[in-house]
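**Q** I'd like to ask some things about the structure below.
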């Protein structure tokens, strides 16, 4: 499992330094001067912008990694589909192979049954019978035999000739057997071709399976990295949001102070107008009593509308 520090180093992500963050205490917010709060607002705004930029860069890294994850998942899915397609072909060739092998087995069983019917594997071969007959005939011609021995020898020769004729008749009927053997071997050969395709396709399917597993593994690794970068994004975004909230609070406090100052100025102006009015009324009273007014007094009366 990749760590945050490894992700920061691997993707050259700027680390968030807590010491660079700007703190705002409640005491400062409530009791700080307007000048202090204006300065603090600027610091909060600048740090917020830095953190938003940092969060944006981290989000971009995260999105890139998520895109690579999707690419790897798509790659794995492609290998999965190819593997499944090949496995279907393997199954088709297996079925064909098994059917052909079953057919070949039936044909070879027929071959064995036909051999048994022909009894070609029983008794002596044609060559052996021909040699035995030749030996017996040579003996008849070269040896002096009694009538009884010669009769028995002639009977043996006739018996051998009958066996030979019967064997030759059976051999003439083996054309069907040869055709059956050839057909069985052809079917077996076709089954072997399907078995070879089963092996080839199964090997290819295994390659795609291995590539699918590797692609999924890589996707998991990249997803882990993306998750770590997302946590780094959240870290920066939350810090930016905190600075923005404090900035807004300071701005609100500054508006309150502006409002207080405006109220104070209004009060001062009202108080000043009241004082001017009282002074003007005193001057006007003097005027009615016949006192001489100077220019400044006249201007004060004009300003208050008493003259």
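The values are calculated or read from the model by the stated rules, or taken from the named source; none is laboratory data. Predicted, not measured: the structure shown is a model, and the values here were computed from it. Don't worry about glycine lacking a Cβ; one is built from the backbone with ideal geometry, like all the others, and counts go over all protein chains shown.
**Q** Is region 199-210 home to any residue that is closer than 30 Å to residue 6 by Cα, in a helix (DSSP H, G or I) and within 33 Å of the chain's Cα centre (by Cα)?
**A** Checked region 199-210: at least one residue is closer than 30 Å to residue 6 by Cα, in a helix (DSSP H, G or I) and within 33 Å of the chain's Cα centre (by Cα).
**Q** Going through 129, 100 one at a time, which residue ends up being out of contact with any strand residue (DSSP E or B) (no Cβ under 7 Å at 6 or more places or on another chain) and either more than 30 Å from residue 83 (Cβ to Cβ) or at pLDDT below 90 (or both)?
**A** 129
**Q** Return yes or no: is residue 32 assigned by TED's automatic domain parsing to the domain that holds residue 226 and in contact with a helix residue (DSSP H, G or I) (Cβ under 8 Å, 6 or more places away or on another chain)? Break it down into steps so the answer makes sense when it comes.
**A** Details: assigned by TED's automatic domain parsing to the domain that holds residue 226: yes; in contact with a helix residue (DSSP H, G or I) (Cβ under 8 Å, 6 or more places away or on another chain): yes.
In short, yes.
**Q** Quick one: which of 41, 59 is closer than 21 Å to residue 227 by Cβ, assigned to a helix (DSSP H, G or I) and modelled with pLDDT of 90 or more?
**A** Going through 41, 59 in turn, the sole match is 59.
**Q** Checking the condition at pLDDT below 95, assigned by TED's automatic domain parsing to the domain that holds residue 55 and closer than 30 Å to residue 20 by Cα, which residue from 180, 257 passes?
**A** Answer to the selection: 257.
**Q** Same structure, new question: Got at least one residue in region 283-294 being in contact (Cβ under 8 Å) with a residue 24 or more places away in the chain and either part of a helix (DSSP H, G or I) or within 30 Å of residue 83 (Cβ to Cβ) (or both)?
**A** no
**Q** Still on this model: For residue 80, only one of the following conditions fails: (1) assigned to a helix (DSSP H, G or I); (2) touching a helix residue (DSSP H, G or I) at 6+ places or on another chain (Cβ under 7 Å); (3) under 22 Å from residue 242 (Cα atoms). What is its number?
**A** Every listed condition holds for residue 80 apart from (3).
**Q** Hey, any hits in region 83-98 for a residue that's assigned by TED's automatic domain parsing to the domain that holds residue 212, part of a helix (DSSP H, G or I) and closer than 30 Å to residue 228 by Cβ?
**A** No, region 83-98 contains no residue that is assigned by TED's automatic domain parsing to the domain that holds residue 212, part of a helix (DSSP H, G or I) and closer than 30 Å to residue 228 by Cβ.
**Q** Yes or no: residue 205 surrounded by 14 or more Cβ atoms within 10 Å (Cβ to Cβ), assigned by TED's automatic domain parsing to the domain that holds residue 55, under 30 Å from residue 103 (Cβ atoms) and modelled with pLDDT of 95 or more?
**A** yes
**Q** Could I ask something else about it? I need the full set of residues from region 262-277 which are surrounded by 11 or more Cβ atoms within 10 Å (Cβ to Cβ) and free of Cβ contacts under 8 Å to residues at least 24 places away in the same chain, in order please.
**A** Taking region 262-277 and keeping what is surrounded by 11 or more Cβ atoms within 10 Å (Cβ to Cβ), we get 273, 276-277.
Scanning region 262-277 gives a single hit, 273.
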